[in-house]
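Asks: The structure is given below, and queries will be raised subsequently.
Readers should treat all values here as calculations from the given coordinates under stated rules, not as data from a laboratory. As the structure is a computational prediction, the values presented were derived from the model and not from experiment. For neighbour counting, all protein chains shown are included, and Cβ atoms are generated from backbone atoms with ideal geometry for every residue, glycine included.
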Amino acid sequence: MKPVRVKICGVRDRAALDAAARAGAAYVGLVFYPPSPRAVDFETAAALAAAAPPGLCKVALVVDPDDAALDRLAALPLDMIQLHGAETPARAAEVRARIGLPVMKAVGVAGPDDVARLDLWEEAADMVLADAKPPKGAPLPGGTGVAFDWRLIAGRRWRKPWLLAGGLTPETVAEAVALTGARQVDVSSGVESAPGVKDPDRIAAFVAAAQR
């Protein structure tokens, strides 16, 4: 069986990028959402994307982007767009057509009703991210460090690739993988020493635990 693939999200500087690559991550996420402590500007994102080694998938995380934002992203050497807002399946199709990249959609999960939304998005997106649903009124759509009940998706199978996210840490990711069968996982705050500050040792420990 192939090793679990890991996405390190919220990479803001070269040290975090290099740590993710050195640890064997498959994806890095660049956050284009200014309220987030992990946000990067276009100039920083361009430098990081250009510095990423071959084979490391560069994912742009956006929240309800307008066409102008998409056109700016199209100028960067990115590999995938991650939608993390209230986008519709129709909008996802527009994003894919406009920017010419595969689309990942993050779906917040808190209860059984949300699992049905995962099934809906499997038809509309190239990849689905099962994330913890933020509390109503939360300032951020993700990166909250909160997990959801993994039993909601335990043993499920989808036709397209998917990732598990939400409160994962080096201490919990092995259990999450064992329970859900996830072959791809996403982490942000779980490998930080402070909001937006990636810890190279925790990145290495997370990837090792996920793949073990």
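Asks: Projecting each Cα onto the charge dipole of the range 5-211 (Lys/Arg +1, Asp/Glu -1 at the beta carbon, about the Cα centre), which of 207, 31, 83 comes out farthest on the positive side?
Replies: So the residue furthest toward the plus end is 207.
Asks: Once fully extended, how much extra length lies between residue 93 and residue 1, figured as 0.36 nm per residue of separation less the alpha-carbon to alpha-carbon distance?
Replies: Details: separation 92, 0.36 × 92 = 33.12 nm, distance 3.23 nm.
Once the chain is fully extended between residue 93 and residue 1, it gains 29.9 nm.
Asks: OK, next. Can you pull a Stokes-Einstein diffusion coefficient for the range 1-97 at 10 °C (1.306 mPa s), Rh from Kirkwood over Cα pairs, as a whole number of µm²/s?
Replies: Numbers: Rh = 13.8 Å.
Answer from the Stokes-Einstein relation: 115 µm²/s.
Asks: Let me ask something else about it. What's the exposure ranking of 32, 206, 42, 148, going from fewest to most Cβ atoms within 10 Å?
Replies: Ranked by crowding around the Cβ, least crowded first: 42, 148, 32, 206.
Asks: Next question. How high is the FRET efficiency between residue 86 and residue 146 when r is their beta carbon distance and R₀ equals 25 Å, given to the nearest 0.05?
Replies: On the way: r = 19 Å, r/R0 = 0.77.
Efficiency at R0 = 25 Å is approximately 0.85.
Asks: Right, here's the next one. For residue 80, enumerate residues with amide H under 5 Å from its amide H, sequence gap 5+ or separate chain, H modeled in the peptide plane.
Replies: Those lying under 5 Å, H to H, from residue 80 are 58, 60.
Asks: Using the basic label-point model (7 angstrom from Cα toward the beta carbon), what is the residue 51 to residue 178 distance in nanometres?
Replies: Computed distance between label sites residue 51 and residue 178 equals 3.7 nm.
Asks: For residue 146, what residues show an amide H to amide H distance below 5 Å, using hydrogens built from the backbone and excluding near sequence neighbours?
Replies: Hits under the 5 Å cutoff: 167.
Asks: Over the Cα atoms of the chain, what is the Rg over Rh ratio if Rh follows Kirkwood?
Replies: Working: Rg = 15.7 Å, Rh = 16.9 Å.
Across the chain, the Cα-based Rg/Rh ratio is 0.93.
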